[in-house]
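Working notes for the structure below.
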Amino acid sequence: MLTALYAPVIVVEPLTHADEGSLLHSAVRLRLFGLITVGTQLIGAYDEVREHKGETVRILRDSGIPLTGPLSSLDVWDHRMAVSALPDGRALWRDRLVFGGPGSLALLPVLWAAWQWRGWRIRRLARGWGGAAEHARGPA
């Protein structure tokens, strides 16, 4: 899913990862339109399930860090996505990025624009997730 969120503007290319089916613990190269390398990042993501006010919340936390390129001026990167079920069968999605470092002020407009694009892509891609989940579960 990570690669689909940023495509075609940013192409995410795995460099190393322990699990061939996952980018959750990887070094990746980022390329603008697949042509110009704009940096590398370490993705260190962890998945957890918590109970909050009687509801189950699934949280994905990425505390990796940009290694090269313009984003490497950041020394704080804490990204959390949380999803929980709503009573009507829909899901509540929360997405938060905390970043900091010497280049954070200069990068704020770029990261804000990227986050808007990413949110738009998530909403578009999510339309098909319900059917995919039903298909993955198989017949009742």
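The values are calculated or read from the model by the stated rules, or taken from the named source; none is laboratory data. Keep in mind the model is a prediction, meaning the values are calculated, not measured. So basically every Cβ, Gly included, is an ideal-geometry build from the backbone, and we count neighbours across all protein chains shown. Keep in mind that these areas ignore ligands, DNA and RNA; they rest on the heavy atoms of the full protein, side chains included. Shrake-Rupley method; radii C 1.70, N 1.55, O 1.52, S 1.80 Å.
Table for the structure above
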{"read-out": "Extreme residue, modelled with the lowest pLDDT, among residues of segment 18-37 that are assigned to a strand (DSSP E or B) and open to solvent by 50 Å² or more (accessible area, probe 1.4 Å)", "value": "HIS25"}
{"read-out": "Residues within segment 93-107 that are open to solvent by 70 Å² or more (accessible area, probe 1.4 Å) and more than 12 Å from the chain's Cα centre (by Cα), tallied", "value": "4"}
{"read-out": "Selection from segment 53-72 of residues that are open to solvent by 50 Å² or more (accessible area, probe 1.4 Å) and in a loop (DSSP other than H, G, I, E, B)", "value": "LYS53, GLY54, SER63"}
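Residues are listed down the side, and each one gets a yes or a no for (1) in a helix (DSSP H, G or I); (2) under 19 Å from LEU5 (Cα atoms); (3) in contact with a helix residue (DSSP H, G or I) (Cβ under 6 Å, 6 or more places away or on another chain); (4) acidic (Asp, Glu):
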residue: LEU42; (1), (2), (3), (4): no, yes, no, no
residue: ASP47; (1), (2), (3), (4): no, yes, no, yes
residue: ARG50; (1), (2), (3), (4): no, no, no, no
residue: MET81; (1), (2), (3), (4): no, yes, no, no
residue: ARG94; (1), (2), (3), (4): no, yes, no, no
residue: ALA106; (1), (2), (3), (4): yes, no, no, no
residue: PRO109; (1), (2), (3), (4): yes, yes, no, no
residue: TRP115; (1), (2), (3), (4): yes, yes, no, no
residue: ILE122; (1), (2), (3), (4): yes, yes, no, no
